[in-house]
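Notes follow once the structure below has been shown.
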Amino acid sequence: MIRGGNFRATLVGFAGALFALAVLSWLVGIEEILAALSLADPPVIVVVVGVAVCWLTAWGLSLRTVLSVLGAPITAPVAVLVFAGATFANNVTPFGQAGGEPVSALLVSRASDSEYETGLAAIASVDALNFVPSIVLALIGLGYFATTITFGENLALVSAVVVGFALALVLAVYFGWTNRYRVERAAVDTLTPLAQRVGAVVPRLSPPNRDALEGRIEGFFTAVERVGTNPRGLLLALCFSAAGWVGLATSLWLSLFALGYTVPAAVVLVAIPAGAMAGVTPLPGGLGGVELVLGALVTATSGVPLATVTAAVLIHRGATYALPTIVGGGTAAVLADR
């Protein structure tokens, strides 16, 4: 499913991610990180993996809820596996969700036997909804810090980024939706000649004409509108999304606990959403960038030694990055053969 230029971009992205992880390990100290990892409590590590499964399940159920609203219901186990496949796509393509969204939409449409634009609307809606609880949780964490400690330069910067991101998200959704017909026309004007050029050089490919492309884009906006005008479905999907974010925060908290440190919940509530924002870097799934942001924030807000924090972040990411990548890779392979 990843070919040609995309495959080369993925290889370059992983090379950059490995370089970033190598630099981080060198700066912190490989021996210090390994020494911290050697102190990890194995039973707690098992619980971390279990919590990662709960996070994946919660977001899979959010996808199932959105698909039900769109009239393409799937079972809960299939929804979880499909979301794992979508996460796999995000984790192996540059720019995270932005790079993996087209592949994720294909997996969702095949699993639910629906049109591609329905799958795209479903996964795009889930990704958009996921931002709401993350911002709320981050603001709760920042509110706790505002009442307990004096904001340093790092926390002030994080606060500005979180608030700015929240405002940008609200404005983007508002202006994007109120001008959706202009967006539709612009997309048709841009994609029609592009599809024709691709069809001219790719054998056995029949590109869609302007009317067909316009119908598909309109179908995407119609599907998104159905999700946005279903209050019960929206609320349920947001609840599953919030549960998933709590699961991610719990995974990081337990990773620190496995190394002998207990930190306030606010530390992970702020760090996890901020780390997720680093997922939009050109690195696959934010690999390298997310670890750097998480390590810096947890160290700045908890006082835990940097080597221990880095070890905890590696445990957390081992569960929440590797697990869906392995499971989702298998799911993607099966759906690709359908």
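The values are calculated or read from the model by the stated rules, or taken from the named source; none is laboratory data. Here the structure is a predicted model, which means the values were calculated and not measured. Note: ideal-geometry Cβ built from the backbone for every residue, glycine included; neighbour counts use all protein chains shown. For accessibility, only protein heavy atoms count, side chains too; no ligands or nucleic acids. Shrake-Rupley method; radii C 1.70, N 1.55, O 1.52, S 1.80 Å.
Quick notes on this structure:
- Efficiency of FRET between residue 212 and residue 30 - r from beta-carbon atoms, R0 56 angstrom, step 0.05: 0.50
- Once both labels are positioned 7 Å from their Cα atoms along Cα-to-Cβ, the gap between residue 38 and residue 75 label points is 4.7 nm.
- Estimated distance in nm for a label pair at residue 113 and residue 229, the labels positioned 7 Å out from Cα along Cα-to-Cβ: 2.7
- Packing around the peptides 115-126, 229-240, 166-177, taken as the average count of other Cβ atoms within 10 Å per residue, puts them in this order, highest first: 115-126, 229-240, 166-177.
- With the cut-off at under 12 Å, measuring from each backbone N in the stretch 218-238 to a point 7 Å along the Cα-to-Cβ line of residue 128 picks out 220-230.
- Heavy atoms of residue 65 accessible to a 1.4 Å probe, total area in Å² rounded to 10: 20
- Sequentially through the stretch 317-330, phi angles give Karplus couplings (6.51, -1.76, 1.60; θ = phi - 60°) of 6, x, 7, 8, 9, 5, 4, x, 5, 6, 5, x, x, x Hz, Gly and Pro residues having no value and appearing as x.
- Cα→Cβ-extended label distance, 7 Å offset, between residue 184 and residue 265, nm: 4.4
- Once the Cα-Cα distance is subtracted from the 0.36 nm per residue extended length, the residue 53 to residue 326 segment shows a gain of 97.0 nm.
- HN-Hα J in Hz across the stretch 169-182 - Karplus 6.51, -1.76, 1.60, θ = phi - 60°, x for Gly and Pro: 5, 4, 5, 5, 5, 5, 6, x, 6, 5, 10, 5, 6, 5
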